[in-house]
Amino acid sequence: MWQYVFKRLLLMIPTVLGAAFVIFFMLRAMPGDVCELKLGGEGAYVDEAQIELCREQQGLNDPLVVQFTNFVGGLAVLDFGTSMWTGRKVAYEMGLRFELSLQVAIMATIVSIVIAIPLGTLSAVYQNSWIDYFVRSIAVAGIAVPSFWLGILILLALLSVSDALTGTRWTPPIDYVPLWKDPAYNLSMLIWPALATGYRYSAVATRMMRSALLEVLREDYVRTARAKGLTETLIVNRHALKNALLPVVTVIGIEFAFLMGGLVVTEQVFNLNGLGRLLVDSVTQVDYTMTQGIVMLIVLIFVFTNFLVDILYAWLDPRIRYS
Amino acid sequence: MRTKMWKFALGAVAAAAMTTGAVAETPKSGGTLNFVVGSKIPSYDGHIETTFGMIHPISPFYSLLIRVNPDNPSENDFQCDVCSSWDASADGLTYTYKIRDDVKFHDGTPMTAQDVLATYNKIVFPPEGVASSRKAFYKMVKSMSAPDDTTFVMNLEYPSGAYLPAMASPFNYIYSKKDLDEHGMNWHQKNVNGSGPFKFVQHQPGAFVEGVKYDGYHHEGRPYLDGFKAISAPKMSARVQAIEGDRASIEFRAFPPKQRDDLVAALGDKITVQESDWNCVLMATPNHERPPFDDPRVRKALTLAIDRWGGSEYLSKIAIVKTVGGIVFPNHPLAATEEELVQIAGYSKDLEASREEARRLLKEAGAEGLKFTFNNRGVDQPYRVVGTWLVDQWKQVGLEVDQQVNPSPVFYDILRKTGEFDVSIDFNCQSVINPIADVSKFLPSAGNNYANFEDAEIEALYDKLARAGTFEEQRALMREYETMVLNDKATQAITLWWYKINPYRSYVKGWKIAPSHYLGQQLDQIWLDK
Amino acid sequence: MSDVTTEQLEEIRDRPGLLSQIATFARKQPLGTGGAVVVILYVLMAIFAPYLTAFDPTANSYDSQFVAPNAQFPMGTDEWGRDILTRVLYGSRTALFVGFTCAIVGSTVGLVLGVGSAYFGGIVDLIFQRIMDVFMAFPLIIMALAIVSITQSLQVSPESSVYFVIIAITLPLIPNCARVVRSSALAIREIPYVDAARANGFSDTRIILRHMVPNVMAPYLIMITAFVGQAILLEASLSFLGLGVQDPVPAWGLMLRNAQEFIRTEPWIAIWPGVAITLGVFGFNLFGDAVRDALDPKLRSQ
């Protein structure tokens, strides 16, 4: 087992290095220059010497090899450098957003579990009935609606409903306050994006839950239980559900990793100051260091989640370790 | 104090009658103002930044030497901020500012003329390795000094109508000499120590900036607010909703007309609207190095095809542009009147005749049915809207145009660095109205003219204009310059001037719309009537 | 459940007519059939768009800005006075073109990479897998942003921003497909007849094309159907972020983006393109699910 864990850990290194390589050169292949944008972005007259000075200060005139070595060398000690746009530490800037992104990701995951497990179970138990079709339609609709569209509709609904009920128009807060400081305020802001993304991501989990449960329900021990005359409810609750959950947990785990970096559009609609927004901002500002930092953070989260999932599987199913 | 500046009406329209009632009211103290900002803060240093994303949240922390009067921002009505008076010598070469002795920085240090001197030295004569974005505005400045703690003197090379407006730039925050000496010239990029109406509390990058009332503020009785919070909201729909749900009271840049109508329809008299012409304009810049745009006939056809008077009507329903104008900010005394404008190619009220002429010119130049690419910037308001309009206008004279909407970095790269474009959108957006300086944009030698050409005639004419002594002389030369640029040589094609619309919560009082979103942002004049 | 298989076998033996086959499919897969109907409707819409409307989707008409739905304009007009019905109809062309091109190109490249990697194994497979890992872990949005920026500055084909969008959407789809195909192909590689074919001295190409590829067609087809809806949605998201196709091209995502500003006062501008996307993706996904159920051997055996 430990050997497998070690081997799996070693395999993470080329992935992380590869991602570092790709993002570094991808950014430099993109046209644009942080100094041009910072100094001339509003159309004012800019002195070429000022731009040159800025490029020098940002280390943009160093040879690419030097820049790349600095970047990877920093990564090795988890130092992401300084943002070219704000001049603050990339780690500090990311830390500010990480809290919010993490909370939304957790809440969305909870929403998606709360939706997926009962619906998926219903769908499997009543396979090919109208209940099944209905549940599957709801799930598929979740991935069919463009997420920003759903977000805009939720916000509009809140405005109209609050106006109709209380006479004043209510919108969610637009400034983030940590959960422990003001739970009500915090939740009244984050519950909406969590619902929108949670519903969306529940579609895959519902489908997974359904097929995993269907598979388990055909296993021999379930047949035995049926033969013994146990009620279907008892079989599902006692035996099948537990065994069907593993693949669902896997799917949810991987989705969680995606949620940490993939909320770009939702963050825009709900005005959340999260990692996704920071990422888009930093790319559109040609802020190399910041973009590299966020991408590497997202890659690390993804790679590490996958690692955990693999280890979990290997622990449960020894055959994997030797294949 | 001598007030030698022009007074002129800018046609600032208060759409709602309620604003006029505000004159008689006495300001109330207290309350926190929440406002939304659609852009981000690159750094806190006004001397190097150029964006309203920095001006809106940071200006309340600082004072200026002179400023545009926030109670009357629609005119070039300059007033002292940390000075008590200023005087110009008869030859217009020496300006003497008397500095107040009761101004204190937030850290307790008293402000003297030495601080003003250190600040303006950083702006006008930055040492090697220190950036200063508006250095070029002060070309006429020869030297400066602070003979004593309450006197600051500037000597000019030549008298210039562009000098005083440049001094009122909202970016020229007065820094403490002590900070500059102790911490260096870059300290203010990440730290705040000003003498403005509000003290810095905190900044959460990407989220908000918070300020609290400074009790030692030098303008008696101000500020009225206890504090403010500038909340970042890059998406326009989020900003509109924030005002509708009363999460924020105001947005200081502008909303398009539909958003104004939304808010008024939803909230009635809880919303007040102020509107004004805006000192920004978009233009279509052809690349003179690329045939057939080296041919003035083709360039003239481009501007002839544009229906400016019609666009002023229907485009103003969907974009933040409205007013037809030449190269000078509309309604300014130096700007062309309507009679003068219609003489310029593309400004005639007879659209069909203009377009017929455009087709004829294209045919003559052998550029009938020309296909080209239009480089646009990926910002909805008003770039993308105006771009889509231009493409349609050119289609009317048989031109086939592809619009390429690029993210800002790509757009700038093409416009400024590679110059690989046929025709590009370009813009001229300034703060204090300063036509003689502002129209330098059209000089072939200007750093921000991207049309890629050289022209000694234009240069010579502008040089005469910049040194013109009397207003009449300035105005005559300005007409000549405008006709040369827009009509005879058709170097660039002006579209419509921007139009600033600010709908906000009616309980916000004391705020007057300015012709620029950079002006009047210290917030000392604002109070809440709750 | 085994009786289902017998039933199917009997059906195949009896070779029933196409109609009765469809009827059986419709009975077994009512959702999939619904999806198929939507897909067919959308394809017809794309083909016959010019015959279904009298308007030009890109012609501005300044005297009919913001007309509410009426007899002349059943879905109303937008901010440029263009008929929304016409733009929705023509928009299906953009959507389906982007959807199908991305799905087919992405899956095919994935198929080639996946099969190749599984067949050659060893160091090739190891390196290939690491590369796929990198692309899987990479945030999609940054990939799309980068590709759009890079391709636009090249100005290779200024006529059509559609192609940049297609590249940006296709690239992230490749590793997903490659990974699934590879795992299927690995299983096939272990089957003795591949070794036998090798022993007989058949060329690699022949073995891959004759023996491996036909056996991974099921996951390949599943991937294609799943990707169409995904690609249409991605196009809409990119448009929302301002990176998609550009005005005046009629495209649903772009229409939605422009409509955001008017959603309060002129809701019809925003509703129809949203409905078109949602219904289309819904249909493609239901159809895709049915195809998966029909082709996935694991599910079929049950």
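The values are calculated or read from the model by the stated rules, or taken from the named source; none is laboratory data. Not measured: the values here are computed from a predicted model. Quick reminder, even Gly has a Cβ in these numbers, built from the backbone with ideal geometry, and neighbours come from all protein chains shown. Ligands, DNA and RNA are excluded from the accessible area calculation, which covers all protein heavy atoms including side chains. Shrake-Rupley method; radii C 1.70, N 1.55, O 1.52, S 1.80 Å.
So here's what we get for this one:
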{"read-out": "Protein accessible area in chain C, 1.4 Å probe - carbon and sulfur %", "value": "67"}
{"read-out": "Loop trypsin sites (Lys or Arg not before Pro), segment B:329-371, which have at most 16 other Cβ atoms in a 10 Å radius of their Cβ (DSSP)", "value": "B:Lys349"}
{"read-out": "Highest to lowest packing among B:56-65, B:377-386, scored as the average C-beta count within 10 Å", "value": "B:56-65, B:377-386"}
{"read-out": "All lysines inside 23 Å of A:Lys242 as judged from Cα atoms, apart from same-chain residues fewer than 8 positions distant", "value": "A:Lys228, C:Lys298"}
{"read-out": "Isotropic mean projected area of the C-alpha convex hull, segment B:448-530 (nm²)", "value": "8.6"}
{"read-out": "For chain B, share of DSSP beta bridges that run antiparallel, in % to the nearest 5", "value": "75"}
{"read-out": "Residue (of B:Val342, A:Phe71, A:Tyr4) at the positive-pole extreme of the protein assembly as shown, dipole from beta-carbon charges", "value": "A:Tyr4"}
{"read-out": "Protein accessible area in segment B:277-499, 1.4 Å probe - carbon and sulfur %", "value": "47"}
{"read-out": "Set of aspartates and glutamates near B:Lys213 by C-alpha distance (under 12 Å), chain-local residues within fewer than 8 positions excluded", "value": "B:Asp226, B:Asp524"}
{"read-out": "Shielding of B:233-244 by partner chains, average beta-carbon count, 10 Å", "value": "6"}
{"read-out": "Between B and A, accessible area buried - total, square angstrom, nearest 100, 1.4 angstrom probe", "value": "4300"}
{"read-out": "Between segment B:232-283 and segment B:176-203, the alpha-carbon center distance in angstrom", "value": "32"}
{"read-out": "Chain C: relative contact order as a whole-number percent, Cα under 8 Å and 6+ apart", "value": "26"}
{"read-out": "By average C-beta atoms within 10 angstrom, highest first, the peptides B:326-335, C:184-193", "value": "B:326-335, C:184-193"}
{"read-out": "Kirkwood estimate for the protein assembly as shown, i.e. one over the average of 1/r between Cα atoms, Å", "value": "32.5"}
{"read-out": "Dimensionless Rg/Rh of segment A:90-284 - Kirkwood Rh, Rg from C-alpha atoms", "value": "1.07"}
{"read-out": "Cα-Cα pairs of segment B:277-499 separated by more than 33 Å (percent)", "value": "9"}
{"read-out": "Distance from segment B:348-392 to segment A:268-311 (C-alpha centre basis), Å", "value": "42"}
{"read-out": "Cα-centred dipole magnitude for segment B:289-362, charges only on beta-carbon of K, R (+1) and D, E (-1), debye, nearest 20", "value": "240"}
{"read-out": "Most to least packed among A:25-34, C:21-30 [average Cβ atoms within 10 Å]", "value": "A:25-34, C:21-30"}
{"read-out": "Dipole magnitude of the protein assembly as shown, debye to nearest 20 (Cβ charges: Lys/Arg +1, Asp/Glu -1, about Cα centre)", "value": "3560"}
{"read-out": "Chymotrypsin sites (Phe, Trp or Tyr not before Pro) within segment A:77-114, DSSP loop, no more than 16 other Cβ atoms inside 10 Å", "value": "none"}
{"read-out": "Buried on assembly, segment A:151-171 (at least 20 Å² less accessible surface than by itself, 1.4 Å probe)", "value": "A:Ile152, A:Leu155, A:Leu156, A:Leu159, A:Arg169, A:Thr171"}
{"read-out": "Of all DSSP beta bridges in the protein assembly as shown, antiparallel share, percent nearest 5", "value": "75"}
{"read-out": "Modelled FRET efficiency - R0 30 Å, A:Ser129 with A:Ala157, Cβ distances, 0.05 increments", "value": "0.45"}
{"read-out": "Relative contact order [Cα under 8 Å, 6+ residues apart], segment B:277-499, whole percent", "value": "37"}
{"read-out": "Accessible area buried, both sides summed, chains C and B with 1.4 Å probe, Å²", "value": "2800"}
{"read-out": "Alpha-carbon Rg with Dmax, taken over segment C:211-302, Å", "value": "17.5, 60"}
{"read-out": "Equivalent ellipsoid, segment C:103-148 (semi-axes from 5 times Cα gyration tensor eigenvalues, Å)", "value": "23, 14, 6"}
{"read-out": "Per DSSP, loop chymotrypsin sites (Phe, Trp or Tyr not before Pro) in segment C:46-109 with at most 13 further Cβ within 10 Å", "value": "none"}
{"read-out": "Surrounding net charge for C:Leu209, when Lys and Arg each add one and Asp and Glu each subtract one, Cβ distance under 15 Å", "value": "+3"}
{"read-out": "Residue mean of other protein chain beta carbons inside 10 Å, C:274-287", "value": "4"}
{"read-out": "Helix B:113-124 vs. chain B, principal-axis angle (Cα, 0 to 90°, nearest 10)", "value": "20"}
{"read-out": "Per residue value of the accessible surface for segment C:85-300 (all protein chains in place, 1.4 Å probe), Å²", "value": "35"}
{"read-out": "Apportionment of accessible area to carbon and sulfur, segment A:2-76, percent (1.4 Å)", "value": "68"}
{"read-out": "Residue-averaged 222 nm ellipticity for the protein assembly as shown, from DSSP H runs of 4+ at -39500 (n - 2.57), nearest 500", "value": "-16500 deg cm²/dmol"}
{"read-out": "Buried solvent-accessible surface, both chains (C, A), 1.4 Å probe, Å² to nearest 100", "value": "4000"}
{"read-out": "Chain B: angle of helix B:351-364 to the longest principal axis, Cα-based, in degrees nearest 10", "value": "60"}
{"read-out": "Length-normalised contact order of segment A:153-218 in % [C-alpha pairs under 8 Å, at least 6 apart]", "value": "18"}
{"read-out": "Set B:Lys28/B:Lys104; B:Lys363/B:Lys441; B:Lys98/B:Lys190; A:Lys89/B:Lys500; B:Lys258/B:Lys512; B:Lys98/B:Lys441 screened for pairs whose C-alpha atoms are more than 26 Å apart", "value": "B:Lys363/B:Lys441; B:Lys98/B:Lys190; A:Lys89/B:Lys500; B:Lys98/B:Lys441"}
{"read-out": "Approximate spin-label separation C:Phe48-B:Ser29, in nm, with each point projected 7 Å along Cα-to-Cβ", "value": "7.6"}
{"read-out": "Globularity index of segment C:85-300, i.e. its alpha-carbon radius of gyration over 2.2 N^0.38 Å", "value": "1.18"}
{"read-out": "Average partner coverage of C:118-131, which counts Cβ from other chains inside 10 Å", "value": "1"}
{"read-out": "Segment B:161-277, dipole about Cα centre (Lys/Arg Cβ +1, Asp/Glu Cβ -1), debye to the nearest 20", "value": "260"}
{"read-out": "Rounded tilt (10° steps) of A:130-144 against the dominant C-alpha axis of chain A", "value": "0"}
{"read-out": "Amide hydrogen neighbours beyond the local backbone of B:Asp294, cut-off 5 Å, H modeled", "value": "none"}
